[in-house]
Amino acid sequence: MSDKIHRVRFEPVGVEMDVFEGETVLDAAFRQGISVMHGCKEGQCSSCKSVLVEGDIELLKYSTFALPDYQKETDHILLCRTLAYSDITVELLNYDEDLMRRSIAVKEYDGVVTGVTPLTHDIRLLEIALDNPLRFWAGQYVDLTIPDANITRSYSMANPPSSPTRLQFIIKKYPDGAFSALLDGALQVGQRLKAKGPYGTCFRREERTGPMLLIGGGSGMSPLWSILHDHVESGENRPVRFFYGARTRRDLFYLEAFAALTAKLPDFRFIPALSHAEPDDEWTAEIGFIHDVVARTLRAEGLDGNVDAYSCGPPPMIDAVLPILQISGVEPERIYFDKFTPAVR
Ligand SMILES: Cc1cc2nc3c(=O)[nH]c(=O)nc-3n(C[C@H](O)[C@H](O)[C@H](O)COP(=O)(O)OP(=O)(O)OC[C@H]3O[C@@H](n4cnc5c(N)ncnc54)[C@H](O)[C@@H]3O)c2cc1C
Ligand code: FES
């Protein structure tokens with residue numbers, strides 16, 4: 001990164017900031033506490049897609065799923081991949097007042113592993129104590145780095161923001177996963193690590209009325225668990241429907257905690273669905289992929305459009321859920337999601 005500085009102007013919000021030559025526009029925004037739409041930060045998810053109005057830029061390597069060639073030709077850019085070589089003006093395609101108002105500057109925090117607990121055969125609860133409190137919104141994530149293994153991955157906090165030094169993460173294990181495979185033995189209590197953040201725009205919008213839909217699969221439970229508990233702590237009162245997709249009975253966890261919440265909250269339903277139920281599962285509840293279950297349930301319950309929907313987990317699940325939400329009448333600007341895209345290696 002050079003010392004040369006350029007100005008970036010974001011339209012239509014009229015916000016301006018500096019960017020160093022060699023620094024991505026998104027990193028410059030994080031550094032200066034300016035929150036613009038983003039997801040993976042690696043050119044994979046398209047959340048940061050914007051339009052270059054004027055100026056010279058270069059795009060670092062990205063996935064053409066995130067930015068197809070026909071969009072590049074019409075001056076679309078990915079802020080997480082954009083380097084500026086002059087002052088530039090960028091038109092943001094997605095932004096909301098809440099996002100801008102609730103920016104938190106990204107910082108690095110030191111921490112130590114305090115626990116690794118199995119939740120299912122391939123999901124672990126990782127617990128970390130930070131030396132200093134991390135301010136974040138429910139649903140956000142951090143980049144965790146294990147310095148000894150020289151590996152960094154993004155993980156969403158499962159605890160609500162009321163616990164700013166004791167962080168929890170619900171993590172799915174991949175057999176050859178550079179980070180997640182360390183959770184069975186290699187990553188021990190006492191191991192030092194670093195957390196950088198907070199990142200993410202799929203955080204709980206407060207003081208809203210109407211139903212709140214939480215839709216996840218696998219480790220997508222992590223940010224949704226944080227959002228749900230933050231909602232409960234807030235004392236706000238709105239109907240909540242929590243949809244959770246799993247393959248078989250052995251992929252479900254926290255069932256007792258969900259039963260306790262169902263008994264405690266006035267209008268709460270946990271709706272787990274199994275896509276590959278086994279005969280031994282003796283499963284009599286919802287069967288099928290979670291987007292189909294969401295569609296069926298919303299059709300049966302009816303929606304009046306005053307809804308916030310949060311969806312987190314594997315990209316194919318999110319891609320299937322988003323059109324269902326729109327067809328069901330949820331306003332596009334009230335659909336928040338985080339795709340757990342694999343890291344670029
Ligand atoms: C915004 C964001 C938030 C995230 N939050 C969480 C979270 O809360 N909990 C969580 O468990 N993960 C989360 N992830 C995913 C996480 O960052 C890692 O990508 C994941 O843990 C795999 O990392 P790894 O080092 O173990 O595997 P890698 O070494 O990166 O990959 C090894 C192999 O595992 C398989 N693999 C890895 N990732 C995937 C995938 N997503 N889908 C299918 N196969 C895959 C592939 O075969 C790959 O070749 C999040 C990702 C993003 C972008
Ligand atoms: S493509 Fe830029 S944040 Fe995902």
remark   = Most fluctuating of His121, His291, His38 in the GNM of the chain (C-alpha, under 10 Å) is His121
key: For Arg247, residues with placed amide H under 5 Å, excluding near neighbours   = Ser275
ask   = Under the classification rounded if a/c is under 1.5, otherwise prolate if a/b is larger than b/c and oblate if not, where does segment 118-261 fall, given a ≥ b ≥ c as square roots of the Cα gyration tensor eigenvalues?
value = oblate
remark   = GNM of the chain, Cα pairs under 10 angstrom: of Ile104, Ile171, Ile57, the biggest fluctuation goes to Ile57
key: Disulfide-incompatible cysteines by the Cβ rule (no partner under 4.7 Å) in the chain   = Cys48, Cys80, Cys202, Cys312
query = With springs only between Cα atoms under 10 Å, which of Lys172, Lys41, Lys264 fluctuates most in a Gaussian network model of the chain?
reply = Lys264
task = Apply 1/(1 + (r/R0)^6) to the Cβ-Cβ distance of Gln71 and Asp280, taking R0 = 41 Å, and write down the FRET efficiency to the nearest 0.05.
result = 0.30
remark   = Expressed in angstrom and rounded, the centroid-to-centroid distance over alpha carbons for segment 258-315 and segment 120-143 is 25
remark   = For segment 5-101, shape from the Cα gyration tensor axes a ≥ b ≥ c, cut at a/c of 1.5 then a/b versus b/c, turns out rounded
inquiry  = For a 27 Å ceiling on Cα separation, which of these pairs sit above it: Lys173/Lys264; Lys72/Lys196; Lys4/Lys61?
reply    = Lys173/Lys264; Lys72/Lys196
Qualifying aspartates and glutamates (Cα of each under 18 Å from Cα of Lys172; at least 8 residues distant if same chain) = Asp122, Glu127, Asp143, Asp184, Asp251, Asp338
inquiry  = If you take every DSSP beta bridge fully contained in the chain, what fraction is antiparallel? Give it as a percent rounded to 5.
reply    = 60
remark   = Placing each pseudo-label 7 Å from Cα in the direction of the beta carbon, Thr262 and Arg250 end up separated by a distance in nanometres of 2.4
Base-10 log of normalised Debye intensity for segment 212-339 (one unit scatterer per alpha-carbon) at q = 0.11, 0.16 Å⁻¹ = -0.35, -0.77
inquiry  = Can you classify segment 107-199 as rounded, prolate or oblate using the Cα gyration tensor, where a ≥ b ≥ c are the square roots of its eigenvalues, rounded means a/c under 1.5, and otherwise it's prolate if a/b beats b/c and oblate if not?
reply    = prolate
task = Check each of the chymotrypsin sites (Phe, Trp or Tyr not before Pro) in segment 1-98 and keep only those in coil by DSSP with at most 14 other C-beta atoms within 10 angstrom; list them in order.
result = Phe65, Tyr85
ask   = Do the sum for the chain: with -39,500 (n - 2.57) for every DSSP H run of n ≥ 4, divided by all residues, what is the mean residue ellipticity at 222 nm, to the nearest 500 deg cm²/dmol?
value = -5500 deg cm²/dmol
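The numbers here are math on the coordinates, done by the rules we state, and not lab data. Because the structure is predicted, anything quoted here is derived from the model rather than measured. Positions of Cβ are backbone-derived with ideal geometry, glycine not excepted, and every protein chain shown enters the neighbour counts.
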